[in-house]
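Some notes on the structure that comes next.
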Ligand code: SAH
Ligand code: SF4
């Protein structure tokens, strides 16, 4: 079910910087410039990040003159929610419209006590994995820190709006939406700092997983942050020839990627997850299990098998049967690997990330 978002869907002014992407120091500077006091900067931060205030009138204890002076210098949010799509299992996708007219997806996944949010980091993706909707039309641009943080603010507002003014309590964040996070670390790292602030959104490193298609240099830079984020590496195959067929732009070898993941584990002490998107007859054969076992032998990590979600514009690939997935998982386990299997989520037309955006793009050009 897709519905258009309500009256909040007006476009923000393009030229003002958005407060949602600023550090505490930057906000303090802005409030001082607007004639406010340091404690008012903290109040403003609290309104925006803890309460999720989306307009200036919501920041009730700030004097009107200060709100007006601030509104002339900054916007609270630069993006808006253009559509909300709720699947039968409760998975909720937001189509977020950016100030320049581009759009991205944000997905909320309920699972028992957990409420996980999946955010995008780029408009499209340059990596172009053959099975993925996000890379079909290449990459348009990197997201800004504000645009990454706002995905959380929007999701909290949408989920919390069922007769209750308090924003929904998200428990986990996965950076697994559109784009390759390691190609946008300059915006992602400050965004994650903002998201982790315990007085604001409050999702710390322990609750955050960043997924990468495996760029060893960038993974090393990511390891330099002072935080121990969880790392997921989309490996898909244990041998280079097959991996290059699935991730045609990849330059690093499987051995180099696994070495970078090991270095991350050694430095952070957080177990790395290897994701394998399973495609029938392509990378789910006995020999594929053997090569993964060899590539990961002796590395205390987890393999997460993800049966492929079909994508409208991608032909010639098939999702393996459940029995086939279980058989593959068993082979890996017999080879000494820890294995989890991701069961179907959002089992409708736009289940694979990137599909809602594709559908809206084609509707706009029909
Ligand atoms: N670019 C990063 C993060 C975004 S993709 C990366 O590739 O890791 C997040 C995960 O979704 C990756 O493991 C990716 O392989 C997987 N994925 C992409 N398209 C999919 C599809 N159609 N079905 C199942 N998984 C998919
Ligand atoms: Fe990009 Fe990840 Fe999709 Fe590959 S799977 S095209 S890296 S978003």
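The values are calculated or read from the model by the stated rules, or taken from the named source; none is laboratory data. In this text the structure is predicted, and so the values were computed from the model without any measurement. Because the Cβ atoms are built from the backbone with ideal geometry, glycine has one as well, and the counts that use them run over all protein chains shown.
Here are a few things to note about the model shown:
- Considering region 52-62, and only residues there that are at negative phi and touching a helix residue (DSSP H, G or I) at 6+ places or on another chain (Cβ under 7 Å), the residue that is surrounded by the most Cβ atoms within 10 Å (Cβ to Cβ) turns out to be 53.
- Here residue 202 fulfils each of the conditions (1) farther than 19 Å from residue 108 by Cα; (2) away from ligand 1 (no atom under 15 Å from the Cβ) apart from (1).
- Only one of 133, 168 that is within 9 Å of ligand 2 (Cβ to nearest atom), at pLDDT below 95 and touching a helix residue (DSSP H, G or I) at 6+ places or on another chain (Cβ under 6 Å): 133
- Of 65, 71, all but one fail to be surrounded by fewer than 16 Cβ atoms within 10 Å (Cβ to Cβ), at pLDDT 95 or above and in contact with a helix residue (DSSP H, G or I) (Cβ under 6 Å, 6 or more places away or on another chain); the exception is 71.
- Looking across region 235-255, the residues that are touching a helix residue (DSSP H, G or I) at 6+ places or on another chain (Cβ under 9 Å) and either more than 16 Å from ligand 1 (Cβ to nearest atom) or within 15 Å of residue 308 (Cα to Cα) (or both) come down to 235, 236, 237, 239, 240, 253, 255.
- Selection from region 165-188 of residues that are in a helix (DSSP H, G or I) and surrounded by 18 or more Cβ atoms within 10 Å (Cβ to Cβ): 181, 182, 183, 184, 185, 187, 188
- Within region 109-130, the set of residues being surrounded by 24 or more Cβ atoms within 10 Å (Cβ to Cβ) and away from ligand 2 (no atom under 14 Å from the Cβ) comprises 117 only.
- Only residues that are in a loop (DSSP other than H, G, I, E, B) and in contact with a strand residue (DSSP E or B) (Cβ under 8 Å, 6 or more places away or on another chain) were counted across region 213-226, and they come to 2.
- The residues listed here are 280, 286; of these, the one that is in contact (Cβ under 8 Å) with a residue 40 or more places away in the chain, surrounded by fewer than 14 Cβ atoms within 10 Å (Cβ to Cβ) and in the same structural domain as residue 245 (by TED's automatic domain parsing) is 286.
- Which numbered condition residue 307 fails, given (1) surrounded by 14 or more Cβ atoms within 10 Å (Cβ to Cβ); (2) in contact with a helix residue (DSSP H, G or I) (Cβ under 7 Å, 6 or more places away or on another chain); (3) farther than 21 Å from residue 233 by Cα: (3)
- In summary, strands (runs of 3 or more DSSP E) completely within region 54-116 and bearing 2 or more residues that are without any contact (Cβ under 8 Å) to a residue 60 or more places away in the chain occur at 103-111.
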